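Take a look at the structure below.
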Amino acid sequence: MGIFDFLSGEFIDVIHWTDNTRDTMVWRFEREGHEIKYGAKLTVREGQSAVFVHEGQLADVFTPGLYMLETNNMPILTTLNHWDHGFRSPFKSEIYYVNTTRFNDLKWGTKNPIMCRDPEFGPVRLRAFGTYSVRVTDPAKFLIEIVGTDGEFTMDEISYQIRNIIVQAFSRLIAGSGIPVLDMAANTGDLGKALAEKISEQIAEYGLSLPELYIENISLPASVEAALDKRTSAGIAGDLGRFTQYSAAEAMTEAAKNPNGGGGMGAGLGMGMGIAMANQMSGQMQPQMAPPPPPVEHVWHIAENGQTKGPFSKARMGQMAQDGTLTRDTHVWTAGQDGWKTADEVAELAQLFTILPPPPPGA
């Protein structure tokens, strides 16, 4: 073997890439002068793609396998340039390895609350967070649209942009879903699938896909959650009286946990609540007496000149007593009375004549 053959063999490249960082999406094979020799061996492993760029122009994309970079294997390069068997290559090329595996457990979340209209609570503010995964599906498009000439492109460089896309799509989806807040937890799976479909359509322009997206939690502001907790506690207690007892018992429990924090005030408050609860409970245990029935309103009949007139109410009898139509000696009768009696003999009607003086003696 001549020295020319020996030196030519020394310049045959072995091109490959192994990655243990778990966040590198694109890595450029560094060759001094970017010179790829004739007959170089290109190894592309599972979960990788290799993009061949010749003099700034994307020439070819290699899927997993072992390749010999020769003219018969690369017809595109044959039309671009002629390969030489000498010490140097007549052109400069670059090879970019693209990681096509899934990048998992990526976080997303809303920075600011999302305004929605709930059918039960009215306008509400919602927050949400979850995880997602990303995969490169079109290495050539991803290299052209996103990476450019970056020699080492990581997931962190694009995750911020994808999070913004997710939050924007989630805001539109949740605002137009019409799902009540209390039912969203039961629909997070369907919402996550619908959200992933909408986002995949948008990021496909970058050569990416979104295989999975999960909504882990949808929450309300702390003040609204506290109000819901009170509403739930009231529902468990049953009625207002029992809820008051429940709240008092909770306050007494908290005071008992910290006997020195509140001093005598805490003890007095607990004792007062205990006495109030005891009185309330004892009042509930005592039988409730029914009120007496209202008095019966009598109606009266008058006997005058052998004829009966009436019936007249007590108010009308009072008017008749004032104008002299009814006197103490007028015979009256009402239901339940034993025979006719003079008005003066009936205690209920005798009161009507107290405003008038009795007839003088001997009249």
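Kindly establish whether GLY176 is of a type outside the set (Phe, Trp, Tyr) and modelled with pLDDT of 85 or more. No, not satisfied.
Give the residue, chosen from SER133, SER159, that is in a helix (DSSP H, G or I), out of contact with any Ser or Thr (no Cβ under 7 Å at 6 or more places or on another chain) and touching a residue at least 24 places away in the same chain (Cβ under 8 Å).
Just one listed residue meets the conditions, SER159.
Tell me, which residue of the range 162-197 that is β-branched (Val, Ile, Thr) and in a helix (DSSP H, G or I) is surrounded by the most Cβ atoms within 10 Å (Cβ to Cβ)? So, considering only residues that are β-branched (Val, Ile, Thr) and in a helix (DSSP H, G or I), the one surrounded by the most Cβ atoms within 10 Å (Cβ to Cβ) is ILE166.
Determine, yes or no, whether ASP183 is modelled with pLDDT under 85, of a type in the set (Asp, Glu) and not assigned by TED's automatic domain parsing to the domain that holds GLU30. Here the answer is no, as ASP183 does not meet what is asked.
For the range 51-82, filtered to residues that are closer than 22 Å to VAL136 by Cα and loosely packed, with under 13 Cβ neighbours inside 10 Å, the residue that is modelled with the lowest pLDDT is GLY56.
The values are calculated or read from the model by the stated rules, or taken from the named source; none is laboratory data. The structure displayed is predicted, hence computed values, not measured ones. Reconstructed Cβ throughout: ideal geometry from the backbone, glycine too, with neighbour counts over all protein chains shown.
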